1. Order the peptides 15-26, 62-73 from the highest to the lowest mean number of other Cβ atoms within 10 Å of their residues.
2. Compute the acute angle (0 to 90°) between the alpha-carbon long axis of helix 6-17 and the principal axis of greatest extent of the alpha-carbon atoms of the chain; round to the nearest 10°.
3. Grab the Cα-Cα distance for Gln24 and Gln6, subtract it from 0.36 nm times how many residues apart they are, and report the gain in nm with one decimal.
4. When the helices in the chain are scored as -39500 (n - 2.57) per DSSP H run of 4 or longer and the sum is shared across all residues, what 222 nm value do you end up with, to the nearest 500 deg cm²/dmol?
5. Run the numbers for Trp34 and Ser76: contour at 0.36 nm per residue of separation, minus the present Cα-Cα distance, in nm.
Amino acid sequence: MAQLNQINMALLLTIATNSPTGQQRLKAGLPSNWSIAHKTGTDPDVLGIGTATNDVAIVTSPQGRRIAIVVFIAGSKAPL
């Protein structure tokens, strides 16, 4: 399996950390002293039902521990 080199990993994390989307998704549930690098995705609603709402993240604790979190939600009637 191919792996990203350090330069490309740093670039990917920078882009994902500066993502302006998803402020009310995973990021909203983290303590303020944690950092998050994430990418959100949303498909359009069909008849008031969300077809897909996603957030994929690497969160980093104040101690530097990284945790990957992936959330995929389909068929939700809850507002975003």
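Computed from the coordinates by the stated procedures, all read-outs in this text should not be read as laboratory data. If you're wondering where the values come from, they're calculated on a predicted model, not measured in any experiment. Neighbour counts run over all protein chains shown; Cβ positions are idealised from the backbone, glycine included.
1. Result, highest mean first: 15-26, 62-73.
2. Once rounded, one gets 40 degrees.
3. That works out to 3.5 nm of additional length.
4. My calculation for the chain gives -4500 deg cm²/dmol from helical runs alone.
5. Full extension from Trp34 to Ser76 adds 12.3 nm.
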